[in-house]
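Rule-based calculations on the coordinates, nothing more; no lab input. On a predicted model such as this, the values are computed, not experimentally measured, just so you know. Glycine gets a Cβ as well: all are built from the backbone with ideal geometry, and neighbour counts include every protein chain shown.
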Amino acid sequence: MDFDSPRDARERGIATVYQDLALIPLMSVWRNFFLGSEPTTGWGPFRRIDVTLCDRVTRGELDKMGIEIRDSSQAVGTLSGGERQSVAIARAVYFGAKVLILDEPTAALGVKQAGIVLRYITQVKAKGVGVVLVTHNPNHAYPVGDRFVVLRRGKVIADRAKEELSLGQLSRLMAGGEDLQRPSDDIEQDCTAGD
């Protein structure tokens, strides 16, 4: 399919959560959650954002993920990295994502925060949302993945179901394991061939 804009893709149920999150750190959690899709109340010139609904929905969606926030009016920049990732993922799911593309969601997170995000990815999958997780970390991909596609220099070098692949095999594929296992003579020949 060809999409004219990111909004066009979102309307068809495809959402992307980028590594840099596309959240505004100084805005509140609820403002970030509804950014660009604010529910309103009132009519005509008296129309305004329904802050009560925004607060209730934001708290409810984050509670479903096990993330309790003190105040949905607090700046999203005061949350941990894992909590911010979860806000971005929860927002995408709430607005009807059928396919969720996650670009390195755990790259800049600590162990505990990454665990929170991976747990939520599992919850999203259980709801029937298709998840494409782009990652360089096999220890994050393996627990949540059903199928693994490994790319090297833009080419698919492996496309296997989880049942066909162990974590060790996936790690070797992602790390260039077959290159590491080649005899050193072959590698030296490859290196000198370019001279």
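Points to keep in mind about this one:
- The range 1-98, relative contact order in percent, only Cα pairs under 8 angstrom and at least six apart counted: 39
- Karplus-derived 3J(HN,Hα) values for the range 94-101, using 6.51 cos²θ - 1.76 cosθ + 1.60 with θ = phi - 60°, are 4, 8, x, 4, 9, 10, 10, 9 Hz; glycine and proline are entered as x.
- The chain, helix-only ellipticity at 222 nm - DSSP H runs n ≥ 4, -39,500 (n - 2.57), divided by all residues, nearest 500: -12500 deg cm²/dmol
- Per-residue Cβ neighbour rank within 10 angstrom, fewest leading, Y94, Y18: Y18, Y94
- If you wrap the Cα atoms of the range 1-58 in a convex hull and average its projected area over all directions, you get 5.8 nm².
- Normalised contact order of the chain, rounded percent, pairs of Cα under 8 Å and 6 or more residues apart: 19
- Here the mean projected area of the convex hull built on the C-alpha positions of the chain is 15.6 nm².
- Gain upon complete extension [T52, E164; 0.36 nm per residue less C-alpha separation]: 35.4 nm
- Straight-distance candidates among the lysines for linking to K112, with alpha-carbon spacing under 25 Å and chain neighbours fewer than 8 residues away dropped: K64, K125, K127, K162.
- From phi via Karplus (6.51, -1.76, 1.60), per-residue ³J(HN,Hα) for the range 40-50 in Hz, x at Gly/Pro: 10, 9, x, 9, x, x, 9, 6, 8, 5, 7
- Computed magnitude of the charge dipole of the range 6-145 (debye, nearest 20; Cβ of K, R +1, Cβ of D, E -1): 260
- Database remark: amide H of T16 closer than 5 angstrom to the amide H of I101 (H placed geometrically; neighbours at sequence offset of 5 or more, or on other chains; Pro and chain starts carry no H).
- What the phi angles of the range 119-135 give under the Karplus curve with 6.51, -1.76 and 1.60, with θ = phi - 60°, is a coupling list of 4, 5, 4, 4, 5, 5, 4, 5, 7, x, 7, x, 10, 10, 9, 9, 8 Hz, glycine and proline written as x.
- Exposure proxy ranking, count of Cβ atoms within 10 Å, fewest first, for F33, F46: F46, F33
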